[in-house]
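Coordinate-derived values only; no laboratory data. As the structure is a prediction and not an experimental result, all values here were calculated from the model. Quick reminder, even Gly has a Cβ in these numbers, built from the backbone with ideal geometry, and neighbours come from all protein chains shown.
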Amino acid sequence: MKKNARLLYLLAVWTFFIFLSSTAKPLPTDDENPAATPPGITYVLSMPEPQTHYFEVEMQLKNVAATTSSKKNGYLDIKMPVWTPGSYLIREYAKNVEAFTATAAGKAVRSEKIRKNAWRVYTGDDNVTIRYRVYANELTVRTSFIDADHGYVTPAGMFMYHDALKTYPHRVVIQPYKNWKHVATGLEPVAGANFTYEAPDFDLLVDSPIEIGNHRTFGFTASGIPHTVVMFGDVEYDEKRLQADYKRVCEAAASVVGEHPCKHYTFIVHHIPTGGGGLEHLNSTTLETYRNAYSTEANYKGFLTLVAHEYFHLWNVKRIRPIALGPFDYENENYTHMLWLSEGCTSFYEDYILRRAGFHTPETYLNIVANDITGIENQPGVRVQSAAESSWDAWIKGYRPNENSNNTTISYYSKGSVLGTLLNLAILAGSNGERSMDDLMRFLYNEYYKKQKRGFTDDEFRKAAEQIAGRSLDDFFSIGVNSAEPINYNTYFEPVGLQLTNVAAKTQDGFLGVGISAAGGKSTVTSVRRGSAAYTDGLNVGDEILSVDSVRVGDDLLRLISNRQVGETLKVLVNRSGLLREIPVTLTPNPLASYRLTQLPNVTPEQKALYNKWLYIK
Ligand SMILES: [Zn+2]
């Protein structure tokens with residue numbers, strides 16, 4: 001997943017789709033002899049009043065007795081996932097459910113709620129129908145939404161499941177609102193049945209978002225595979241240009257592993273006023289972007305990096321995955337130390353793919369790498385939290401930031417992206433340019449996805465990386481991945497003839513160390529940098545800064561102190577929770593770095609050759 005283009009980013013239902021779809025059991029469509037039909041679930045999804053933001057769900061469980069002891073128990077438990085793969089936060093989707101009822105043989109049966117996301121239905125019947133409504137008024141890539149214009153379904157928050165039926169076919173019959181003509185999803189359509197789709201199991205259903213309405217679509221073929229792009233939202237675009245550029249990005253992404261595992265692929269693109277991001281799925285993705293995403297070159301390139309990121313996930317995380325990320329536990333957190341790989345290295349690849357496809361020049365790419373390093377090194381949390389810890393704590397830290405997060409955490413996206421660059425360089429150097437990160441991705445795909453049909457452990461990943469690099473990567477893993485210690489970047493850049501230097505100007509300008517919300521004539525502290533003057537001397541988040549050295553401050557604090565020098569003490573008057581406090585603050589030197597990559601003097605032919613190999617320079 002990826003949030004807010006390059007800034008804050010955000011993956012994964014695991015199924016062996018090809019394998020399972022080839023062994024999928026057919027779902028019955030008639031009930032003449034229901035007890036004899038194979039087990040499975042059919043959902044009928046209707047939306048008669050879209051303006052109220054409600055979906056109506058009818059869930060038909062077929063031949064439950066064949067799979068479960070429900071008959072013996074006299075009840076069955078129906079559950080709603082609490083999170084959706086790819087977005088590592090307990091979202092409590094059941095909060096949007098109401099009017100849960102159950103019937104069997106045409107008669108109402110008793111049910112009761114037994115946990116926050118589970119209902120117990122008291123029947124020993126083989127065929128049970130559940131009905132409920134879902135409030136859907138949050139248009140993001142990880143939630144559901146419906147209004148008078150369109151409907152969007154995040155299946156984890158829409159479709160309930162029964163544990164014993166999870167590995168059986170799940171069919172969805174969509175009944176669009178009266179004048180809506182289109183349904184788009186990565187699910188397989190059922191031949192001869194209108195708006196009817198089938199997943200071989202619950203995992204694949206969860207992994208297939210659905211768009212319903214009057215959206216426009218266009219298509220293209222990349223790597224010999226048909227791709228569909230669904231465009232929701234009033235937006236101007238050049239279809240021919242988009243077709244050509246999507247194809248270039250997708251084919252460059254496919255060249256990493258060299259095998260495309262999908263029969264078809266769907267992009268659902270929501271054009272919205274603010275926000276942005278994406279969520280990856282096994283053979284589709286949902287992208288959220290601005291309505292002006294295609295209007296300037298900078299916006300357009302930003303959008304293409306989002307396309308590259310989410311598309312590359314169809315390999316990295318959906319198929320090349322840590323062992324914890326599938327099959328999923330839909331009721332609890334699923335912990336891994338490797339989101340720096342699954343997300344961060346996907347962020348590394350988004351730009352590396354754009355370089356490969358010719359959208360970034362080598363110089364642009366080097367600037368991106370240097371800026372990424374600047375970004376993480378300027379965040380105090382990089383010396384507190386390792387990339388592995390950041391991955392593990394995504395559920396409580398990465399997805400739940402607060403005003404102190406910059407001081408104590410580092411994003412597994414941004415640090416993972418830098419680690420991807422370093423691992424690629426380490427493999428290139430270790431193999432004398434014979435192999436790169438691509439070979440590691442290809443090995444993991446072939447060994448764990450195709451051959452062993454599972455994810456890999458932390459140790460298996462490290463072993464694979466060292467095997468591909470042809471040498472020990474102890475420094476990379478013990479310092480880079482598993483610690484918050486400083487990385488010696490230049491040991492990675494030296495083999496390609498580059499050096500990383502801090503080019504931040506040395507000035508006597510004093511540094512206060514606060515984030516400020518300047519609006520409505522007020523300057524209010526939103527963050528305090530650890531170790532800064534403000535941190536040491538005691539400015540707090542929430543303080544409204546009223547004056548500095550008796551000069552009234554409006555929303556212009558940063559301008560007022562811009563020429564103050566290191567060592568000067570400011571008398572800062574603040575409004576703190578309605579009380580006035582005067583706080584002396586002594587300015588410190590500016591600690592912020594600005595890194596650049598430049599050529600080393602006397603580059604050898606070997607360094608030059610590796611540089612060209614790294615950056616696809618012929
Ligand atoms: Zn991602």
**Message:** Need the list of aspartates and glutamates near K113 for cross-linking: C-alpha distance under 14 angstrom, and skip anything on the same chain fewer than eight residues off.
**Reply:** D77, E98
**Fill in**
Only helices counted: for the chain, with every DSSP H run of 4 or more residues adding -39500 (n - 2.57) and the sum spread over all residues, [θ] at 222 nm is -7000 deg cm²/dmol
**Request:** Select from V603, V585, I323 the residue farthest towards the positive end of the dipole of the chain; place +1 on Cβ of Lys and Arg, -1 on Cβ of Asp and Glu, and compute about the Cα centre.
**Result:** I323
**Message:** Please list, ordered by chain and number, the residues whose modelled amide H lies under 5 Å from the amide H of Y168; skip anything fewer than 5 residues away on the same chain.
**Reply:** F202
**Item:** All aspartates and glutamates inside 19 Å of K181 as judged from Cα atoms, apart from same-chain residues fewer than 8 positions distant
**Value:** E49, E56, D147, D149, E211, D234
**Request:** Just the number, please: percent antiparallel of the DSSP beta bridges in the chain, rounded to the nearest 5.
**Result:** 80
**Request:** Please label the shape of region 220-301 as rounded, prolate or oblate, based on the square roots a ≥ b ≥ c of the eigenvalues of the alpha-carbon gyration tensor (a/c under 1.5 means rounded; beyond that, a/b larger than b/c means prolate, else oblate).
**Result:** prolate
**Item:** Which listed pairs, of K263/K450; K116/K318; K263/K318; K240/K263; K450/K608, have C-alpha distances above 26 Å, in listed order
**Value:** K116/K318; K450/K608
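Can you say what percent of the DSSP beta bridges in region 93-192, counting only those with both residues inside, are antiparallel? Round to 5. Working shown, then result.
Numbers: 16 of 16 bridges.
Given both bridge residues lie in region 93-192, the antiparallel proportion sits at roughly 100 percent.
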**Request:** Would you list which lysines come within 19 Å of K522, measuring only between C-alpha atoms, while excluding same-chain residues fewer than 8 positions from it?
**Result:** K571
**Asked** Considering every Cα-Cα pair within region 383-459, what fraction, in whole percent, is farther apart than 17 Å?
**Response** 60
**Rel. contact order, % - alpha carbon contacts under 8 angstrom, at least six apart, region 80-223** = 21
**Item:** Cα gyration tensor category, rounded, prolate or oblate, for region 162-295 with a/c compared to 1.5
**Value:** oblate
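Using the Kirkwood radius over Cα pairs, work out the Stokes-Einstein diffusion coefficient for the chain at 4 °C and 1.567 mPa s, in µm²/s as a whole number. Don't jump to the answer; show the numbers that get you there.
Details: Rh = 26.5 Å.
D, rounded to a whole number, is 49 µm²/s.
State to the nearest 20 debye the size of the charge dipole of the chain about its Cα centre, where the only charges are +1 on K and R beta carbons and -1 on D and E beta carbons. Don't skip to the end; give the middle numbers.
On the way: 63 positive and 67 negative charges, 42 e Å.
The dipole magnitude comes to about 200 debye.
In region 206-286, which GluC sites (Glu not before Pro) fall in coil by DSSP and have 16 or fewer other Cβ atoms within 10 Å? Present the calculation step by step, with values, prior to reporting the outcome.
Working: sites: E211, E236, E239, E251, E259, E280; in loops: E236, E259.
Loop-located and lightly packed - E236, E259.
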**Message:** Which residue, N424, I487, N127, has the largest displacement toward the positive end of the dipole of the chain when charges sit on each Cβ (Lys, Arg +1; Asp, Glu -1)?
**Reply:** N127
